[in-house]
Structure formats: C-alpha cells, structure tokens
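First up is the structure itself, then whatever we jot down about it.
What follows draws every value from the coordinates through simple rules; no lab data is involved. Bear in mind the structure is a predicted one, so any value in this text is a computation, not a measurement. Counting neighbours? That spans all protein chains shown, and the Cβs are built from the backbone with ideal geometry, glycine included.
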Amino acid sequence: MKKLKMNIAAILLLTVTYVNAQGGHNHSTMKMEDNKEMNHSKMIMKSDAKAEAILWEYFNLKDALVNDDAKEAAQAGSKLIASLKAFNRKTYEDMQQMELIEIIADATEQAEHIVKSPINHQREHFKTLSKDVTALITITGTANTLYEQFCPMYDKGSAWLSTTKEVKNPYYGSKMLKCGSVKKQIN
C-alpha cells in the first residue's frame, strides 16, 4: 500500500506539472492534434467513460449515506460493483494497470460489504472506498470538477469526494450533516 501511495503522489506531481505547462487547460476539453490518443505522460487527465460511471455510482452511494438510507446505499453499492467489474484497465500503461488492479479489487470488496451491511458498517467501508475512488481518478482523470471534503470527527478523520462545495457528510448523515470542510478542488 505504501508503494501505491508513492506512485499516486508521483502521478499527482506529474499531473500538476503538466497542467501548469499547458496553462491550466483540461485535456478533456483540448483538441488533440490529428485527434490521436495521448501517450502515457499526457493521458493522466484524460476522461475515461467507465471511470466516470464508477464515479457517478460512488456519488449515488454517498448521497444515500447522506440521507441515512441503508437500503438505497446497498442498491448503489450493487451498481457500483457492476461498474467496477466493467472497468477496462488495458488502455493504461503497465504500471497504472497494476495499480488499477489493486484499486478495483479493494473498491469492489468495500462495495460488497456495503451491499450486505447495516448503515454504520456501510459508512466504515465507505471511508476506504473513498480512498480507492480518489486513487482511481488520480490515474484516470475526470472531466468534472470535484471537491475532496473532510470530516475531522469520523474515525480520526475521513475524506470523501463531492460534486459541490457544499458539505453534506455521508459519515454522520442527518446527525451532523454539515460537519466537515472542503480540503481541495480536483480538476
């Protein structure tokens, strides 16, 4: 896991460097010369439709937890498992594929637990799932602006991704809906 974190940090550094060199433009909106795919060093910010599907199923799950709805969270977890299984890592470089194998396997395991657990246990697995999804989009990129949010009170601090700056805490739901803050903007 330490190696994975080091690789993710290296990819983030490459991403920031490349985006800055391009004047802050996102690759999903830039026209490519001759409409060719980007090579490895430039593909980091490319949008992947199957990765986007994983991301949106993750958001459905997050919203169910925000709403304290264990049944809806279980259903979203099932859909997330299907999206994770449909993901095609073969369009990525070898090193990225190895990382993606680990990320997808762990995310699938977390989603499987969410499907069959009560809400408190769903939230425990959502914490690790959030780390996995964040690692996934670090490799695949996303066409969307996301916000990494953080609750300092849940399990010694827990992060999650959101599509809005408004904090809606999936770890506490209605008990502490606004607990947390935006830590960073992604993309």
Can you list the HN-Hα couplings for region 118-128, worked out from phi with the Karplus curve (6.51, -1.76, 1.60; θ = phi - 60°), rounded to whole Hz and with x for Gly and Pro? x, 4, 4, 6, 4, 5, 4, 6, 5, 4, 5
Give me P(r) over region 128-184, computed from all C-alpha to C-alpha distances, binned every 5 Å, as integer percentages. 4, 20, 29, 25, 14, 7, 1
Bounding extents of region 46-109 in its principal axis frame from Cα atoms, largest first in Å, are 40, 22, 16
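Rank by packing, highest mean first: peptides 153-164, 101-112, 129-140, 86-97, with packing defined as the count of other Cβ atoms within 10 Å averaged across residues.
On the way: 153-164: 16.0, 101-112: 18.9, 129-140: 22.4, 86-97: 13.8.
Ranked by mean Cβ neighbours within 10 Å, highest first: 129-140, 101-112, 153-164, 86-97.
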